[in-house]
Amino acid sequence: MIARRLLSVPVFAVVLVTMAPPARADDAACQAVLQAVLKQTAAPVHQQVTIETAAAPDKPMHNEMIRLGDTLYMQARGQWMARPYDAAKAADDARQAMTKGEHSCTRLRSEAVDGQPADLYRVQGKTATGGSDTQIWISTASGLPLRQTVAMLEQGTVKLKHEVRSDYTNVRAPAGVSR
């Protein structure tokens, strides 16, 4: 079950496509976020993922994902697995999502993430039953997301908190895992 959830989380598109309503084409802040998401779909990346649910608020799940080329490696509960990954489809999904949903995007400030200069954006989305409040730190040097936090809201209550930290240096497949 965790692996299935992680399959929907291979890129920041989790925020833009599956969790938060997408960007409007006329919003410069939303365009900056979308461009970072699109760039990340094709970049080798190692991600540390933390998920906390309302059902188990003191028991966060910690997972890892590594994406190299056409392979997504996911680690959940100490077990690594490999799945096919299609960067073009991930980018198309993010672009298509731009035409749906009600939301707003705001550039908040410049702020370092692990010593790297970044711009912090906030994306707030509305759905029929709640919405999402997302923060994404985008590297000013590379244009790639460094960190994302998402709070999923339902009926005004936080149902899920999600954090992803992304590293793009020396990305390698986990030892002993083949596709």
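Could you tell me whether Lys39 is touching a Gly at 6+ places or on another chain (Cβ under 8 Å), surrounded by 15 or more Cβ atoms within 10 Å (Cβ to Cβ), modelled with pLDDT under 90 and not aliphatic (A, V, I, L, M)?
Spelling it out, it is not the case that Lys39 is touching a Gly at 6+ places or on another chain (Cβ under 8 Å), surrounded by 15 or more Cβ atoms within 10 Å (Cβ to Cβ), modelled with pLDDT under 90 and not aliphatic (A, V, I, L, M).
Kindly establish whether Arg147 is charged (D, E, K, R), over 26 Å from Ala56 (Cβ atoms), in contact (Cβ under 8 Å) with a residue 24 or more places away in the chain and part of a strand (DSSP E or B).
no
Six or more apart or on different chains, Cβ under 8 Å: which pairs go from a residue in the range 150-162 that's in a loop (DSSP other than H, G, I, E, B) to one that's surrounded by fewer than 15 Cβ atoms within 10 Å (Cβ to Cβ)? Could you list them?
Matching pairs, first to second residue: Gln155/Thr129.
Restricting attention to the range 64-104, which residues are of a type outside the set (S, T, N, Q), within 24 Å of Ile51 (Cα to Cα), in a strand (DSSP E or B) and modelled with pLDDT under 90?
Ala76, His103, listed by residue number.
Take the residues in the range 87-121 that are touching an Asp or Glu at 6+ places or on another chain (Cβ under 7 Å) and not small (Gly, Ala, Ser), then tell me which one is surrounded by the fewest Cβ atoms within 10 Å (Cβ to Cβ).
Only one residue tops the list, namely Arg107.
Consider Asp58 against the criteria (1) more than 16 Å from the chain's Cα centre (by Cα); (2) at pLDDT 85 or above: it satisfies all of them except one. Which criterion is unmet?
Going through the list (1) more than 16 Å from the chain's Cα centre (by Cα); (2) at pLDDT 85 or above, Asp58 breaks only (2).
Hey, could you check the range 122-143 for residues that are loosely packed, with under 15 Cβ neighbours inside 10 Å and hydrophobic (A, V, I, L, M, F, W, C) and say which is farthest from Thr157 (Cα to Cα)?
Ala141
The values are calculated or read from the model by the stated rules, or taken from the named source; none is laboratory data. Note that the structure is a prediction, hence the values are computed from the model and not measured. Using ideal geometry, Cβ is built from the backbone for each residue, glycine included, and neighbour counts are taken over all protein chains shown.
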